[in-house]
Amino acid sequence: MLTIAGMGPGNLALMTPQALEAVAQADALVGGKRHLAQFADFRGEVRVLDADIPGLLAWLEQQQRRVVVLASGDPLFYGIGTRLVAHFGIGQLRIIPGISAVQYLCARTGIDMNDIWLTSSHGRAVDFDALARARKVAMVTDAKCGPKAIAEALIARGAEACWLVIGENLGLDDERIYWLRPAEVQAEYAMNVVVILNER
Ligand SMILES: C[S@@+](CC[C@H](N)C(=O)[O-])C[C@H]1O[C@@H](n2cnc3c(N)ncnc32)[C@H](O)[C@@H]1O
């Protein structure tokens, strides 16, 4: 049985009991180094999740054991779950949801998620015009397009009065949350999500 377990933002207290139980019962655990480090006592086989997704899929196809793939946040929100459902079909998988980094940031800041546009800059071209027109957006980001690039694009489109709420290392010991106007955004942030509030 292949299980994809949502890790939440990365702190075990934010994982569901069902996800923790799946890991406890697993014969093999797959995940990023940061996530595997949370299960240092795991006694089964451990496989690091890297950029070689075809290699992972081929390995998973051969498994007759209970394998759990750890997914950051929620597995189906810009996560590995989407790729695994596409490959194996939901009938061959169990997906255990997790708290996405966006949900966590909204909970910490009291920003309601009603009518929020959930998107990502991860490995894709961002439609900054659509972003500047939207009233409320939440984005998972990557190193190429993070808070600074988003802020500059918003300023260039006349949205300098909006708020950027940046959640850095959420759920971790060095978590930080900033409310900034685009002009105040710094060049560098650690792992982050951004909520843009442009409610005119
Ligand atoms: C591939 S996406 C996965 C999103 C994830 N499935 C979710 O539901 O949050 C990875 C991105 O999620 C965001 N992210 C994940 N964990 C985070 C955390 N603890 N703090 C801030 N951002 C986080 C970052 O934007 C990171 O680059």
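Tabulated data
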read-out: Looking only at the stretch 154-195, and only at residues there that are over 17 Å from the mean Cα position of the chain (by Cα) and in a strand (DSSP E or B), the one that is farthest from Ala132 (Cα to Cα); value: Tyr178
read-out: When residues of the stretch 178-196 are limited to those that are under 23 Å from Ile99 (Cβ atoms) and exposed (fewer than 15 other Cβ atoms within 10 Å of the Cβ), the one nearest to the ligand (Cβ to nearest atom); value: Ala190
read-out: Every residue from the stretch 123-144 that is touching a Cys at 6+ places or on another chain (Cβ under 8 Å) and outside any strand (DSSP E or B); value: Val126
read-out: In the stretch 133-145, residue nearest to the ligand (Cβ to nearest atom) [restricted to those that are basic (Lys, Arg) and farther than 22 Å from Ala190 by Cα]; value: Lys136
read-out: Criterion (closer than 21 Å to Ile99 by Cβ, within 22 Å of the chain's Cα centre (by Cα), outside any loop (DSSP other than H, G, I, E, B) and more than 16 Å from the ligand (Cβ to nearest atom)) met by exactly one of Leu70, Leu29, Leu36, Leu57; value: Leu29
read-out: Which listed residue is within 16 Å of the ligand (Cβ to nearest atom) and surrounded by fewer than 20 Cβ atoms within 10 Å (Cβ to Cβ), from Arg43, Arg94, Arg83; value: Arg83
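Every residue, every condition in (1) among the basic types (Lys, Arg); (2) more than 16 Å from the ligand (Cβ to nearest atom), yes or no:
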site: Leu118; (1), (2): no, no
site: Leu131; (1), (2): no, no
site: Ala153; (1), (2): no, yes
site: Arg157; (1), (2): yes, yes
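Residue-by-condition table, conditions (1) assigned by TED's automatic domain parsing to the domain that holds Val193; (2) surrounded by fewer than 20 Cβ atoms within 10 Å (Cβ to Cβ):
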{"position": "Val68", "(1), (2)": "no, no"}
{"position": "Gly89", "(1), (2)": "no, yes"}
{"position": "Thr119", "(1), (2)": "yes, yes"}
{"position": "Pro147", "(1), (2)": "yes, no"}
{"position": "Ala151", "(1), (2)": "yes, no"}
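The values are calculated or read from the model by the stated rules, or taken from the named source; none is laboratory data. Computed from a predicted model, the values in this text were never measured in an experiment. Reconstructed Cβ throughout: ideal geometry from the backbone, glycine too, with neighbour counts over all protein chains shown.
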